[in-house]
Amino acid sequence: MAGVMDNPMERTAASAAVPFYTPTGNEVALFEHAYRNRLPLLLKGPTGCGKTRFVSHMAARLGRSIHTVSCHDDLTAADLTGRYLLKGGDTVWVDGPLTRAVREGAICYLDEVVEARKDVTVVLHPLTDDRRLLPLERTGELLDAPPEFMLVVSYNPGYQNILKSLKPSTRQRFVAIEFGFPLPDIETAIVTQESGLPRERVAPLVRLGNALRDLKGQDLEEGVSTRLLVYCATLIHSGMKSEEAILAAMIEPLTDDVEVKKALLRVVELTL
Ligand code: ADP
(Lines give C-alpha, C1' and ligand atoms only; values in the text may rest on other atoms or scores of the structure.)
Protein backbone atom coordinates (compact mmCIF):
# COMPACT_ATOMS: atom_id res chain seq x y z
CA MET A 1 0.00 0.00 0.00
CA ALA A 2 1.54 3.30 -1.05
CA GLY A 3 1.92 5.88 1.68
CA VAL A 4 -0.20 8.96 1.28
CA MET A 5 2.82 11.05 2.26
CA ASP A 6 4.69 9.70 -0.77
CA ASN A 7 1.88 10.36 -3.22
CA PRO A 8 3.41 12.18 -6.20
CA MET A 9 -0.06 13.40 -7.13
CA GLU A 10 -0.07 15.63 -4.08
CA ARG A 11 1.82 18.86 -4.16
CA THR A 12 2.07 21.00 -1.07
CA ALA A 13 3.28 24.53 -1.43
CA ALA A 14 4.12 27.11 1.16
CA SER A 15 2.59 30.47 0.51
CA ALA A 16 5.77 32.50 -0.06
CA ALA A 17 5.70 34.31 -3.43
CA VAL A 18 2.37 35.12 -5.08
CA PRO A 19 2.25 33.20 -8.39
CA PHE A 20 1.47 35.33 -11.44
CA TYR A 21 -2.22 35.28 -12.31
CA THR A 22 -4.25 37.62 -14.51
CA PRO A 23 -7.93 37.72 -13.55
CA THR A 24 -10.45 37.29 -16.34
CA GLY A 25 -13.56 38.28 -14.38
CA ASN A 26 -14.67 38.66 -10.77
CA GLU A 27 -13.03 35.42 -9.63
CA VAL A 28 -10.58 37.04 -7.20
CA ALA A 29 -13.33 38.86 -5.27
CA LEU A 30 -15.57 35.79 -5.34
CA PHE A 31 -12.81 33.60 -3.94
CA GLU A 32 -12.12 36.10 -1.15
CA HIS A 33 -15.79 36.31 -0.23
CA ALA A 34 -16.11 32.54 -0.25
CA TYR A 35 -13.00 32.19 1.94
CA ARG A 36 -14.16 34.81 4.43
CA ASN A 37 -17.60 33.20 4.67
CA ARG A 38 -16.26 29.64 4.87
CA LEU A 39 -17.94 28.50 1.69
CA PRO A 40 -16.50 25.73 -0.49
CA LEU A 41 -15.75 26.62 -4.09
CA LEU A 42 -16.18 24.73 -7.36
CA LEU A 43 -14.18 25.80 -10.43
CA LYS A 44 -15.59 24.59 -13.74
CA GLY A 45 -13.70 24.89 -16.98
CA PRO A 46 -11.60 23.26 -19.67
CA THR A 47 -8.13 21.95 -19.01
CA GLY A 48 -5.28 24.46 -19.10
CA CYS A 49 -7.36 27.59 -18.66
CA GLY A 50 -5.77 28.72 -15.39
CA LYS A 51 -7.79 27.06 -12.61
CA THR A 52 -4.80 25.60 -10.77
CA ARG A 53 -2.78 28.78 -11.16
CA PHE A 54 -5.71 30.77 -9.81
CA VAL A 55 -5.94 28.62 -6.66
CA SER A 56 -2.17 28.90 -6.03
CA HIS A 57 -2.40 32.65 -6.53
CA MET A 58 -5.31 33.01 -4.12
CA ALA A 59 -3.72 30.77 -1.49
CA ALA A 60 -0.61 32.93 -1.54
CA ARG A 61 -2.63 36.16 -1.42
CA LEU A 62 -4.54 34.88 1.58
CA GLY A 63 -1.37 33.57 3.23
CA ARG A 64 -2.59 29.98 3.34
CA SER A 65 -0.76 26.79 2.47
CA ILE A 66 -2.29 24.70 -0.27
CA HIS A 67 -2.60 20.94 -0.55
CA THR A 68 -3.32 19.99 -4.16
CA VAL A 69 -4.52 16.54 -5.15
CA SER A 70 -4.92 15.52 -8.80
CA CYS A 71 -7.84 13.11 -8.59
CA HIS A 72 -7.88 9.90 -10.63
CA ASP A 73 -10.20 6.93 -10.86
CA ASP A 74 -8.39 4.94 -8.18
CA LEU A 75 -8.44 7.76 -5.65
CA THR A 76 -10.37 6.72 -2.55
CA ALA A 77 -11.56 8.52 0.55
CA ALA A 78 -8.66 6.99 2.50
CA ASP A 79 -6.18 8.60 0.07
CA LEU A 80 -7.59 11.94 1.18
CA THR A 81 -8.20 11.31 4.87
CA GLY A 82 -5.25 9.05 5.72
CA ARG A 83 -4.49 5.51 6.74
CA TYR A 84 -2.53 3.33 9.11
CA LEU A 85 0.91 2.47 7.77
CA LEU A 86 3.61 0.15 8.98
CA LYS A 87 6.68 2.08 10.05
CA GLY A 88 9.61 0.24 11.59
CA GLY A 89 7.39 -2.49 13.00
CA ASP A 90 4.83 -0.03 14.38
CA THR A 91 1.48 0.81 12.88
CA VAL A 92 1.12 4.57 12.73
CA TRP A 93 -1.67 6.77 11.44
CA VAL A 94 -0.61 9.06 8.58
CA ASP A 95 -2.88 11.97 7.70
CA GLY A 96 -3.90 12.33 4.08
CA PRO A 97 -3.82 15.72 2.36
CA LEU A 98 -7.41 16.62 3.21
CA THR A 99 -6.90 15.86 6.89
CA ARG A 100 -3.66 17.84 6.94
CA ALA A 101 -5.39 20.81 5.35
CA VAL A 102 -8.17 20.64 7.96
CA ARG A 103 -5.74 20.35 10.88
CA GLU A 104 -3.53 23.18 9.60
CA GLY A 105 -6.25 25.50 8.39
CA ALA A 106 -5.00 25.32 4.81
CA ILE A 107 -6.63 25.26 1.38
CA CYS A 108 -7.30 21.80 -0.05
CA TYR A 109 -7.59 21.77 -3.84
CA LEU A 110 -9.04 18.63 -5.45
CA ASP A 111 -8.31 18.90 -9.15
CA GLU A 112 -10.69 16.95 -11.45
CA VAL A 113 -12.75 15.78 -8.49
CA VAL A 114 -15.24 13.85 -10.69
CA GLU A 115 -12.50 11.35 -11.47
CA ALA A 116 -12.31 10.20 -7.85
CA ARG A 117 -14.15 7.15 -6.48
CA LYS A 118 -17.66 7.67 -5.22
CA ASP A 119 -16.73 7.19 -1.54
CA VAL A 120 -14.86 10.51 -1.69
CA THR A 121 -18.16 12.39 -1.67
CA VAL A 122 -18.97 10.79 1.69
CA VAL A 123 -16.06 12.61 3.33
CA LEU A 124 -16.72 15.82 1.43
CA HIS A 125 -20.37 16.19 2.41
CA PRO A 126 -20.02 16.94 6.15
CA LEU A 127 -17.12 19.28 5.31
CA THR A 128 -19.10 21.27 2.79
CA ASP A 129 -22.13 22.20 4.83
CA ASP A 130 -22.25 24.42 7.88
CA ARG A 131 -21.02 21.62 10.13
CA ARG A 132 -17.57 21.72 8.50
CA LEU A 133 -16.65 18.40 10.05
CA LEU A 134 -14.22 15.72 8.97
CA PRO A 135 -14.98 12.38 10.65
CA LEU A 136 -12.01 10.01 10.73
CA GLU A 137 -13.65 6.68 11.38
CA ARG A 138 -10.39 4.78 11.63
CA THR A 139 -8.96 6.96 14.43
CA GLY A 140 -12.30 7.81 16.00
CA GLU A 141 -11.64 11.54 15.59
CA LEU A 142 -14.13 14.15 14.54
CA LEU A 143 -12.23 17.18 13.26
CA ASP A 144 -13.80 20.60 13.32
CA ALA A 145 -12.45 22.59 10.36
CA PRO A 146 -10.97 25.92 11.50
CA PRO A 147 -12.14 29.14 9.76
CA GLU A 148 -8.93 29.22 7.68
CA PHE A 149 -9.69 25.85 6.06
CA MET A 150 -11.16 26.03 2.57
CA LEU A 151 -12.12 23.29 0.14
CA VAL A 152 -11.76 24.06 -3.56
CA VAL A 153 -12.59 21.51 -6.24
CA SER A 154 -12.42 21.68 -10.01
CA TYR A 155 -13.80 19.74 -12.89
CA ASN A 156 -14.04 19.93 -16.64
CA PRO A 157 -17.68 19.79 -17.75
CA GLY A 158 -16.52 19.66 -21.39
CA TYR A 159 -15.91 15.93 -21.36
CA GLN A 160 -19.68 15.41 -21.19
CA ASN A 161 -19.23 12.10 -19.47
CA ILE A 162 -22.58 11.39 -17.90
CA LEU A 163 -21.09 8.75 -15.59
CA LYS A 164 -18.53 11.22 -14.40
CA SER A 165 -20.52 14.37 -13.81
CA LEU A 166 -20.99 15.64 -10.30
CA LYS A 167 -24.22 14.61 -8.60
CA PRO A 168 -26.55 17.53 -7.83
CA SER A 169 -26.40 16.64 -4.14
CA THR A 170 -22.65 17.25 -4.26
CA ARG A 171 -22.42 20.19 -6.64
CA GLN A 172 -25.11 22.12 -4.82
CA ARG A 173 -22.86 22.31 -1.79
CA PHE A 174 -20.43 24.62 -3.59
CA VAL A 175 -20.32 28.18 -4.79
CA ALA A 176 -19.26 27.81 -8.43
CA ILE A 177 -17.32 29.83 -10.99
CA GLU A 178 -17.12 29.03 -14.66
CA PHE A 179 -13.70 29.51 -16.26
CA GLY A 180 -13.26 29.95 -19.98
CA PHE A 181 -10.27 30.92 -22.07
CA PRO A 182 -9.28 34.58 -21.56
CA LEU A 183 -10.15 37.22 -24.16
CA PRO A 184 -7.40 37.54 -26.81
CA ASP A 185 -5.78 40.66 -25.33
CA ILE A 186 -5.60 39.14 -21.87
CA GLU A 187 -4.44 35.77 -23.20
CA THR A 188 -1.71 37.52 -25.22
CA ALA A 189 -0.52 39.29 -22.07
CA ILE A 190 -0.52 36.01 -20.11
CA VAL A 191 1.38 34.07 -22.78
CA THR A 192 3.87 36.94 -23.18
CA GLN A 193 4.53 37.01 -19.45
CA GLU A 194 4.79 33.23 -19.12
CA SER A 195 6.98 32.57 -22.17
CA GLY A 196 9.15 35.66 -22.49
CA LEU A 197 8.33 35.83 -26.22
CA PRO A 198 7.64 39.43 -27.38
CA ARG A 199 3.98 40.42 -27.47
CA GLU A 200 3.92 41.00 -31.24
CA ARG A 201 5.04 37.42 -31.81
CA VAL A 202 2.54 36.04 -29.29
CA ALA A 203 -0.50 37.82 -30.78
CA PRO A 204 -0.63 35.66 -33.97
CA LEU A 205 -0.32 32.49 -31.88
CA VAL A 206 -3.29 33.55 -29.78
CA ARG A 207 -5.24 34.32 -32.97
CA LEU A 208 -4.37 30.85 -34.24
CA GLY A 209 -5.38 29.31 -30.91
CA ASN A 210 -8.79 30.92 -31.18
CA ALA A 211 -9.23 29.76 -34.78
CA LEU A 212 -8.39 26.21 -33.69
CA ARG A 213 -10.81 26.51 -30.77
CA ASP A 214 -13.58 27.21 -33.25
CA LEU A 215 -13.18 23.61 -34.46
CA LYS A 216 -14.03 22.26 -31.02
CA GLY A 217 -17.16 20.15 -31.04
CA GLN A 218 -16.93 19.37 -34.75
CA ASP A 219 -13.69 17.45 -34.89
CA LEU A 220 -12.10 18.11 -31.55
CA GLU A 221 -13.04 17.20 -28.02
CA GLU A 222 -10.97 20.01 -26.51
CA GLY A 223 -9.61 23.24 -27.99
CA VAL A 224 -6.06 24.55 -27.60
CA SER A 225 -5.52 25.53 -23.98
CA THR A 226 -3.73 28.60 -22.67
CA ARG A 227 -1.20 26.09 -21.33
CA LEU A 228 -0.46 24.85 -24.87
CA LEU A 229 -0.14 28.42 -26.12
CA VAL A 230 2.41 29.04 -23.37
CA TYR A 231 4.30 25.88 -24.40
CA CYS A 232 4.30 26.94 -28.05
CA ALA A 233 5.56 30.45 -27.29
CA THR A 234 8.18 29.02 -24.91
CA LEU A 235 9.53 26.71 -27.64
CA ILE A 236 9.71 29.61 -30.10
CA HIS A 237 11.39 31.83 -27.51
CA SER A 238 13.92 29.08 -26.93
CA GLY A 239 14.85 29.11 -30.63
CA MET A 240 12.56 26.59 -32.33
CA LYS A 241 11.06 27.43 -35.70
CA SER A 242 7.46 28.64 -35.40
CA GLU A 243 6.05 25.89 -37.66
CA GLU A 244 7.76 23.19 -35.61
CA ALA A 245 6.66 24.67 -32.32
CA ILE A 246 3.07 25.01 -33.55
CA LEU A 247 3.02 21.41 -34.69
CA ALA A 248 4.50 20.15 -31.43
CA ALA A 249 2.48 22.30 -29.03
CA MET A 250 -0.74 23.21 -30.80
CA ILE A 251 -1.52 20.36 -33.21
CA GLU A 252 -0.08 17.04 -32.05
CA PRO A 253 -1.43 17.28 -28.47
CA LEU A 254 -4.96 17.82 -29.81
CA THR A 255 -5.55 14.78 -31.98
CA ASP A 256 -4.27 11.44 -33.26
CA ASP A 257 -6.67 11.44 -36.21
CA VAL A 258 -4.91 12.01 -39.55
CA GLU A 259 -7.87 13.81 -41.14
CA VAL A 260 -8.43 16.07 -38.16
CA LYS A 261 -4.74 16.91 -38.12
CA LYS A 262 -4.91 17.90 -41.78
CA ALA A 263 -7.89 20.15 -41.02
CA LEU A 264 -5.97 21.77 -38.17
CA LEU A 265 -2.95 22.36 -40.37
CA ARG A 266 -5.21 23.99 -42.94
CA VAL A 267 -6.40 26.39 -40.23
CA VAL A 268 -2.76 27.16 -39.44
CA GLU A 269 -2.05 28.00 -43.10
CA LEU A 270 -5.12 30.20 -43.36
CA THR A 271 -4.55 32.01 -40.08
CA LEU A 272 -0.84 32.79 -40.08
P1 ADP B 1 -5.95 24.21 -15.33
O2 ADP B 1 -5.74 24.01 -13.86
O3 ADP B 1 -7.21 24.97 -15.65
O4 ADP B 1 -5.83 22.94 -16.12
P5 ADP B 1 -3.51 25.76 -15.17
O6 ADP B 1 -3.85 26.65 -14.04
O7 ADP B 1 -2.52 24.67 -14.90
O8 ADP B 1 -4.80 25.16 -15.88
O9 ADP B 1 -2.99 26.73 -16.35
C10 ADP B 1 -2.08 26.30 -17.32
C11 ADP B 1 -1.06 27.37 -17.59
O12 ADP B 1 -1.70 28.45 -18.30
C13 ADP B 1 -0.49 28.00 -16.33
O14 ADP B 1 0.65 27.30 -15.91
C15 ADP B 1 -0.16 29.40 -16.79
O16 ADP B 1 1.08 29.39 -17.48
C17 ADP B 1 -1.20 29.70 -17.84
N18 ADP B 1 -2.38 30.48 -17.43
C19 ADP B 1 -3.66 30.21 -17.80
N20 ADP B 1 -4.48 31.18 -17.36
C21 ADP B 1 -3.73 32.08 -16.69
C22 ADP B 1 -4.01 33.32 -16.03
N23 ADP B 1 -5.26 33.82 -15.98
N24 ADP B 1 -2.98 34.00 -15.48
C25 ADP B 1 -1.72 33.49 -15.55
N26 ADP B 1 -1.39 32.34 -16.18
C27 ADP B 1 -2.37 31.63 -16.74
Find all pairs meeting these conditions: Cβ atoms under 7 angstrom apart; at least six residues apart or on different chains; first residue within the range 31-53 and more than 8 Å from the ligand (Cβ to nearest atom); second residue of a type in the set (D, E, K, R). R38/R132; P40/R173; L42/R171; K44/E178
Suppose we keep only residues that are of a type outside the set (D, E, K, R) and either touching a Pro at 6+ places or on another chain (Cβ under 8 Å) or surrounded by fewer than 21 Cβ atoms within 10 Å (Cβ to Cβ) (or both) within the range 55-67. Which one would you say is nearest to L98 (Cα to Cα)? H67
Odd one out for V175, checked against (1) closer than 30 Å to V230 by Cβ; (2) out of contact with any His (no Cβ under 9 Å at 6 or more places or on another chain): (2)
Taking only the range 178-188 into account, find how many residues are within 10 Å of the ligand (Cβ to nearest atom), touching a residue at least 60 places away in the same chain (Cβ under 8 Å) and either aliphatic (A, V, I, L, M) or in a helix (DSSP H, G or I) (or both). 1
Name every residue in the range 209-227 that is more than 12 Å from the ligand (Cβ to nearest atom) and of a type in the set (A, V, I, L, M, F, W, C), in order of residue number. A211, L212, L215, L220
Mind listing whichever residues of the range 146-159 are modelled with pLDDT of 95 or more and surrounded by fewer than 22 Cβ atoms within 10 Å (Cβ to Cβ)? P146, P147, E148
Every residue in the range 94-105 that is surrounded by fewer than 24 Cβ atoms within 10 Å (Cβ to Cβ) and either at positive phi or within 17 Å of the chain's Cα centre (by Cα) (or both), please. G105
Among (1) within 13 Å of the ligand (Cβ to nearest atom); (2) in contact with a strand residue (DSSP E or B) (Cβ under 8 Å, 6 or more places away or on another chain), which single condition is V28 missing? (2)
Which one of the conditions (1) assigned to a helix (DSSP H, G or I); (2) more than 20 Å from G45 (Cβ to Cβ) does T255 fail to meet, given that it meets all the rest? (1)
Let me confirm something: among V230, V206, V191, V175, which residue is under 30 Å from F31 (Cα atoms), more than 16 Å from the ligand (Cβ to nearest atom) and modelled with pLDDT of 95 or more? V175
Yes/no for T226 being surrounded by 15 or more Cβ atoms within 10 Å (Cβ to Cβ), of a type in the set (S, T, N, Q) and over 19 Å from T47 (Cβ atoms): no
Let me confirm something: among L254, L264, L235, which residue is over 21 Å from T22 (Cα atoms), crowded, with 18+ Cβ neighbours inside 10 Å and touching a strand residue (DSSP E or B) at 6+ places or on another chain (Cβ under 7 Å)? L254
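The values are calculated or read from the model by the stated rules, or taken from the named source; none is laboratory data. This is a predicted model, so every value here is computed, not measured. Backbone-built Cβ (ideal geometry, glycine too); neighbour counts: all protein chains shown.
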